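The values are calculated or read from the model by the stated rules, or taken from the named source; none is laboratory data. Computed from a predicted model, the values in this text were never measured in an experiment. Every residue, glycine as well, gets a Cβ built from its backbone with ideal geometry; the counts of neighbours run over all protein chains shown.
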Amino acid sequence: MSSLLITNGRLVTLDEENRFVDNGSIYIDGRRIVAVGDIAPGSYVADRSIDAGGRLVMPGLINAHHHLYSTFARGFTPPGPPARSFEENLKKLWWKLDAALDSDDVYFSALLALIEAARAGCTTIIDHHASPSCCDGSLDRVEQAFRDVGLSGCLCYEVSDRNAEAQGIEENERYIRKCRKSDDDQLTAMFGLHALMTLGTETLERCAEIGQALDVGFHVHAAEDLVDVQTTTRRCGRSIIDRFADFGIPGPKTIFVHGTHLEPREMDLLHSTDSMLVSNPESNMNNGLRVSPALDFLRHGVTVGIGTDGMSSHLISQARALYLHQRTDHRDPTLAFAEACEILLHNNRTICNRIFVEPRGALAAGQLADVVIHDYVPFTPLDAGTLYGHLLFGLSFSRVQTTIARGRVIVDDGQLPHLDEAAVRAGCAERAAAIWARIH
Ligand SMILES: [Zn+2]
């Protein structure tokens, strides 16, 4: 492993003291950060030095919910009349797209999305995968894309009864066991479930039994639309979180996604079980749905994170969407600015550090060396009182100069030198055309 010295950075450490360091340095040895701050010249001799040129340097961002397989949907319009409901949208677009993917498509769709993520300053992604025509071994293809780009990932397969009963259970179990045997923490696993609306009792029982025996958390959509709530009530007379609780699924390692139509009592249940909730505001708005009430969850003491849900690989835009939506929805210009940033910078880190072994999300000694140099030199004061303004109004529109993931420079002056990106993009264009032709 090599060593790296970053000098002359405006450091936003997000460490326990929330330090801001002007003209600061970071020394990285192997995968870990060794020293951060005012490092005297000559203290460390590194294999490579990078002069940040006064640019803003932060920990790598974390995406708490993504669907990398959605990459080739960009610009695609399903044939026939437009979907008029959430369920129709699943049937006409997403369930046709995922069924059209072959094993190489799985790899390339993940690869391209991960390149975009790296270029947007994201270094860890919690993904939720589906490819029913090539389920077995599909998580290995997603893993390969993570390794080729160099990011960290938490993978799972979306179990659902929608195609074949209980499809995906073995893939989750196999991949969780594989990660357990591996001694590197770059990839880890959860047990993936689609949503109660496509999961029958027998499938839930089997998933719960296996997931609990393996002591992993579940990653599942909950109450994204009313149809999930109504279907669950009609079939079993239970509310969404009560139904999950019947199988012991809530808990400190479990991620519920959206939670839009949960009752206050169910929010309390998430809090009392220390479960996590991930909001995806752009995705909800794109689907013409109510947006997950992130502030309500916070008031109930729930750990709320934020994800992109396949909309993009750009995290800061999600935090912008969250606060802007809350303000207009409540007609209140005082709402959600700090909360949106804290969800992104602090809560996503909390979620990640429950799932991965190696601590990350701060510029501090001992942390995983996930470090991003943004091509952004603040022209107004930068401190704890102004950071969120720089984040939402400056960093959201600036490019990333350098992304260091696990101690390795993977984006170097905006380029990914270890990949033949032109060839990847050409291959992806061919694959996308073939996939679109298969969907009808
Ligand atoms: Zn999702």
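Does the range 113-125 contain any residue that is within 23 Å of residue 209 (Cβ to Cβ), touching an Asp or Glu at 6+ places or on another chain (Cβ under 6 Å) and outside the structural domain of residue 401 (by TED's automatic domain parsing)?
Restricting attention to the range 113-125, the residues satisfying the condition of being within 23 Å of residue 209 (Cβ to Cβ) are none.
Checking the range 113-125: not a single residue is within 23 Å of residue 209 (Cβ to Cβ), touching an Asp or Glu at 6+ places or on another chain (Cβ under 6 Å) and outside the structural domain of residue 401 (by TED's automatic domain parsing).
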How do the pairs read when you match residues in the range 137-155 that are under 18 Å from residue 62 (Cβ atoms) with residues anywhere that are part of a helix (DSSP H, G or I) and aromatic (Phe, Trp, Tyr), using Cβ under 7 Å and keeping only pairs 6 or more apart or on different chains?
145/107; 153/146; 155/175
Do we find that residue 386 is over 30 Å from residue 325 (Cβ atoms), surrounded by 13 or more Cβ atoms within 10 Å (Cβ to Cβ) and of a type outside the set (A, V, I, L, M, F, W, C) in this structure?
no
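Being without any contact (Cβ under 8 Å) to a residue 40 or more places away in the chain, closer than 21 Å to residue 8 by Cβ and not hydrophobic (A, V, I, L, M, F, W, C) is the filter here; which residues of the range 372-393 pass it?
The first filter runs over the range 372-393 and keeps only residues without any contact (Cβ under 8 Å) to a residue 40 or more places away in the chain, leaving 379-381, 385-386, 389, 393.
Still in the list and also closer than 21 Å to residue 8 by Cβ: 379-381, 386.
Listed by number, the residues that qualify are 380, 381, 386.
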So, residue 44, is that one aromatic (Phe, Trp, Tyr), more than 16 Å from the ligand (Cβ to nearest atom) and at pLDDT 95 or above or not?
yes
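Name the single residue, out of those in the range 227-247 being among the hydrophobic types (A, V, I, L, M, F, W, C) and either more than 24 Å from the chain's Cα centre (by Cα) or not assigned by TED's automatic domain parsing to the domain that holds residue 179 (or both), that is nearest to residue 85 (Cα to Cα). Reasoning before the result, please.
Let us first name the residues in the range 227-247 that are among the hydrophobic types (A, V, I, L, M, F, W, C), namely 227, 229, 236, 240-241, 244-245, 247.
Among the residues that remain, those that are also either more than 24 Å from the chain's Cα centre (by Cα) or not assigned by TED's automatic domain parsing to the domain that holds residue 179 (or both) are: 227, 229, 236, 245, 247.
On the way: 227: 9, 229: 15, 236: 23, 245: 28, 247: 29 Å.
If we take residues in the range 227-247 being among the hydrophobic types (A, V, I, L, M, F, W, C) and either more than 24 Å from the chain's Cα centre (by Cα) or not assigned by TED's automatic domain parsing to the domain that holds residue 179 (or both), then 227 is nearest to residue 85 (Cα to Cα).
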In this structure, is residue 286 farther than 23 Å from residue 173 by Cα, of a type outside the set (A, V, I, L, M, F, W, C), surrounded by fewer than 20 Cβ atoms within 10 Å (Cβ to Cβ) and within 16 Å of the ligand (Cβ to nearest atom)?
yes
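Looking only at residues that are small (Gly, Ala, Ser) and within 16 Å of the ligand (Cβ to nearest atom) in the range 49-90, which one is farthest from residue 303 (Cα to Cα)?
First, pick out the residues of the range 49-90 that are small (Gly, Ala, Ser): 49, 52-54, 60, 64, 70, 73, 75, 80, 83, 85.
Now restrict to residues that are within 16 Å of the ligand (Cβ to nearest atom): 64, 70, 73.
Working: 64: 12, 70: 26, 73: 31 Å.
Within the range 49-90, the match that is farthest from residue 303 (Cα to Cα) is 73.
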Regarding the range 91-106, can at least one residue be identified that is surrounded by fewer than 21 Cβ atoms within 10 Å (Cβ to Cβ), within 16 Å of the ligand (Cβ to nearest atom) and touching a residue at least 40 places away in the same chain (Cβ under 8 Å)?
yes
